[in-house]
Amino acid sequence: MAATPSVSWNYLPKNYYQRSKIFSAGPCPIFSKPPHKENPRNTSLKAFRNAQISSPITAHGSQYKFLQPGTQRTRSNRIVSLKSAGSDSSITSNLLQTALGVVHLVVSLGIILATDKYLKQAFVAAAIKFPSALFGMFCIFTVLVILDVTIPAAAKGLENFFEPALLFIQRWLPLFYVPSLVVLPLAIQDIPAASGVKICFILVGGWLASLAVAGYTAIAVRKMVKTEMVPAEPMAKPSAFSTLEVAAWSVISVASFAAALKYPELLGTNARTCLPFLLGSTVLGYMVGTGLPSGLKKVFHPIICCALAADLAAFAFGYFSKSGLYPILGYYLTKVSSNPGAGDILMGFLGSVILSFAFSMFKQRKLVKRHAAEIFTSISIATLFSLYSTALLGRLVGLEPTLTISILPRCITVALALSIVSLFEGANSSLTAAAVVVTGLIGANFVQAVLDKLKFDDPIARGIATASSAHGLGTAALSAKEPEALPFCAIAYGLTGIFGSLVCSVPVVRQSLLAIVNC
């Protein structure tokens, strides 16, 4: 006799016994034939079939586990667990990459700042008046060129290593010019109003003349050499400011402002205590300024917004602390290394800007070589014209010799302009920095319209004319709308300052400039 299949009766359908009662209770409503008594074995088989259709069977043996009701839930839970583990791994990986990126930035930027500081100390100890950062720039550029000839991979690796630092400098570059504009009220408080008007006339007229000379020279040389343009090396752009950055600097500014009001010497001195909120307000003003609509930025440059934010913070603190505006501005830029202010921190990066020129020039070395005639001829003529025309204009309008000397390097970037005026006795370095920034602002606001008016259509002429007359601020304004001119702006921006520093380092040139100013 065949064995009865092993079935767990607990898994038979609940209505099985009810169906059994229905079929055994009386005659079938469809068939007239009375029901007969079924074999128990047949009943068991029918029950087995019905149970098999109605619900899953818990069979004996591990090979049937896939039939269990909880299988789908187990598989879903496993998938969710795997996704969760993958998400955690991705977050950990992103955090690790961010941490490594921060370390890379700190190390690369720290090396550049340390190099600049060491060179300054060495040049001061040796009583060398030549700009130390400029010497460092030449050294870095030479090393890169030698490595590129001998071990190209090493040159590329060195360039890639310092890329985060270079992007950091490029991102915050306008901020390094701001301190001189913030403390402008201190710089001009002893200057007569008539002299101030003369200075403004020289800055505006001199900028326009320098731009025209550089542009026309570049066009004339271009017509002679007839060198065709080739695509320039792409230049990386720094990231935009995030909402989180704005919020963080806002918290720093407000909290440190309140702490400085309550505890004026919390960090040892007034300048150190005021440093966090003055620095925070400067950075915050720059972030807000860069986010303004493009139409508004034409007349209200981010640098102006930045300087106004710092001045308003200084005014508010002076009002609530009853100390006045001028003492707080004095805390902003102390020019004392042992007791620095917010402005001293920002201007401490100016040397690193000069060192970064080496990497910019190396990156565009093929472009410099190809258009060397246009670039070097235009820059040398424009720089000499700027220096001597400023001296001559100052003499013609009757500006005081010390003020004229202070604004001589008006078309040269701040870092090198300060080095140039240090070669002359009696110059006002604060006025020098302010004159350079004002010249840059004039160029940033009007350079594109003037270039169009003068019909400078060539990107080389537009880039060289802009950078040699309005340095970094003009470069940033033009390159934002005309990226094809950016490489030439970057080259001319650095080379104008380099050539101006080299020329003014020659005693004969300095004496000739002084002769024009004082005659």
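Filtering segment 403-418 down to residues that are part of a helix (DSSP H, G or I) and under 30 Å from the mean Cα position of the chain (by Cα), which residue is modelled with the lowest pLDDT? Break it down into steps so the answer makes sense when it comes.
Residues of segment 403-418 that are part of a helix (DSSP H, G or I), as a first pass: 403-406, 414-418.
Checking the rest, the ones that are also under 30 Å from the mean Cα position of the chain (by Cα) come to 414-418.
Details: 414: 82, 415: 79, 416: 85, 417: 87, 418: 86.
Filtering segment 403-418 for residues that are part of a helix (DSSP H, G or I) and under 30 Å from the mean Cα position of the chain (by Cα), the one modelled with the lowest pLDDT comes out as 415.
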Considering only residues that are within 18 Å of residue 462 (Cβ to Cβ) and part of a helix (DSSP H, G or I), which ones fall in segment 361-370?
367, 368, 370
Within segment 455-468, restricting to residues that are out of contact with any Gly (no Cβ under 6 Å at 6 or more places or on another chain) and not β-branched (Val, Ile, Thr), the one that is most open to solvent (accessible area, probe 1.4 Å) is 455
Got at least one residue in segment 482-505 being under 22 Å from residue 134 (Cβ atoms) and open to solvent by 50 Å² or more (accessible area, probe 1.4 Å)?
yes
Residue 129 being outside any helix (DSSP H, G or I) and either touching a residue at least 12 places away in the same chain (Cβ under 8 Å) or surrounded by 15 or more Cβ atoms within 10 Å (Cβ to Cβ) (or both)
yes
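Test residue 373 against the criterion of being in a helix (DSSP H, G or I), open to solvent by 30 Å² or more (accessible area, probe 1.4 Å) and modelled with pLDDT under 90, and give yes or no.
On the way: in a helix (DSSP H, G or I): yes; open to solvent by 30 Å² or more (accessible area, probe 1.4 Å): yes; modelled with pLDDT under 90: yes.
Yes: the conditions hold for residue 373.
Do we have residue 252 as at pLDDT 90 or above, of a type outside the set (Ser, Thr, Tyr) and farther than 30 Å from residue 323 by Cα here? It would help to see each step written out before you state the result.
Values: at pLDDT 90 or above: yes; of a type outside the set (Ser, Thr, Tyr): yes; farther than 30 Å from residue 323 by Cα: no.
Judged against the criteria, residue 252 is not a match.
Looking at segment 223-233, is at least one residue under 27 Å from residue 347 (Cβ atoms), part of a loop (DSSP other than H, G, I, E, B) and of a type outside the set (A, V, I, L, M)? Even if it seems obvious, please write down each step before you answer.
Our first condition is that a residue be under 27 Å from residue 347 (Cβ atoms); within segment 223-233, this holds for none.
No.
For residues that are more than 18 Å from the chain's Cα centre (by Cα) and of a type outside the set (Lys, Arg), tally how many sit in segment 255-293.
So the first thing to find is which residues in segment 255-293 are more than 18 Å from the chain's Cα centre (by Cα), and the list is 255-278, 293.
If we keep only those that are of a type outside the set (Lys, Arg) too, we end up with 255-261, 263-271, 273-278, 293.
Looking only at that region, the number is 23.
In this structure, is residue 89 modelled with pLDDT under 85 and either part of a helix (DSSP H, G or I) or of a type outside the set (Lys, Arg) (or both)? So that I can check it myself, show each step before the final result.
On the way: modelled with pLDDT under 85: yes; either part of a helix (DSSP H, G or I) or of a type outside the set (Lys, Arg) (or both): yes.
Yes; evaluated as a whole, the condition is true for this residue.
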Could you tell me how many of the residues in segment 472-513 are without any contact (Cβ under 8 Å) to a residue 60 or more places away in the chain, under 20 Å from residue 358 (Cβ atoms) and among the small types (Gly, Ala, Ser)?
1
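Could you list all residues from segment 145-157 that are assigned to a helix (DSSP H, G or I) and surrounded by fewer than 15 Cβ atoms within 10 Å (Cβ to Cβ)? Let's see the steps before the verdict.
Initially, segment 145-157 is screened for residues assigned to a helix (DSSP H, G or I), giving 145-150, 152-157.
Correct list: 146, 149, 150, 152, 153, 154, 156, 157.
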For segment 202-218, state whether one or more residues are under 29 Å from the mean Cα position of the chain (by Cα) and farther than 22 Å from residue 470 by Cα.
no
Condition broken by residue 96, with the remaining ones in (1) closer than 30 Å to residue 423 by Cβ; (2) free of Cβ contacts under 8 Å to residues at least 12 places away in the same chain satisfied:
(1)
Would you mention how many residues in segment 255-265 are open to solvent by 50 Å² or more (accessible area, probe 1.4 Å) and at pLDDT 90 or above?
5
Breaking point among (1) surrounded by 11 or more Cβ atoms within 10 Å (Cβ to Cβ); (2) at pLDDT 85 or above, for residue 223
(1)
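Collect the residues in segment 255-267 that are in a helix (DSSP H, G or I) and over 14 Å from residue 311 (Cα atoms), keeping them in residue-number order. Lay out the reasoning, then the answer.
Within segment 255-267, the first condition is being in a helix (DSSP H, G or I), and the residues that meet it are 255-262.
Of everything in segment 255-267, those that are in a helix (DSSP H, G or I) and over 14 Å from residue 311 (Cα atoms) turn out to be 255, 256, 258, 259, 260, 261, 262.
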With hydrophobic (A, V, I, L, M, F, W, C), in contact (Cβ under 8 Å) with a residue 40 or more places away in the chain and either within 21 Å of residue 346 (Cα to Cα) or open to solvent by 10 Å² or more (accessible area, probe 1.4 Å) (or both) as the only criterion, which of 396, 431, 408 stands out?
431
What do you reckon, is residue 116 surrounded by 12 or more Cβ atoms within 10 Å (Cβ to Cβ), closer than 19 Å to residue 368 by Cα and modelled with pLDDT of 90 or more?
no
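Output the residues belonging to segment 158-215 that are part of a loop (DSSP other than H, G, I, E, B) and without any contact (Cβ under 8 Å) to a residue 24 or more places away in the chain. Show your work before the answer.
First, pick out the residues of segment 158-215 that are part of a loop (DSSP other than H, G, I, E, B): 162, 183, 189-192.
Those that are part of a loop (DSSP other than H, G, I, E, B) and without any contact (Cβ under 8 Å) to a residue 24 or more places away in the chain: 190, 192.
The values are calculated or read from the model by the stated rules, or taken from the named source; none is laboratory data. Source: prediction; values computed, not measured. Glycine also receives a Cβ, built like all others from the backbone with ideal geometry; neighbour counts cover every protein chain displayed. The accessibility values were calculated without ligands, DNA or RNA, using every heavy atom of the protein model including side chains. Shrake-Rupley method; radii C 1.70, N 1.55, O 1.52, S 1.80 Å.
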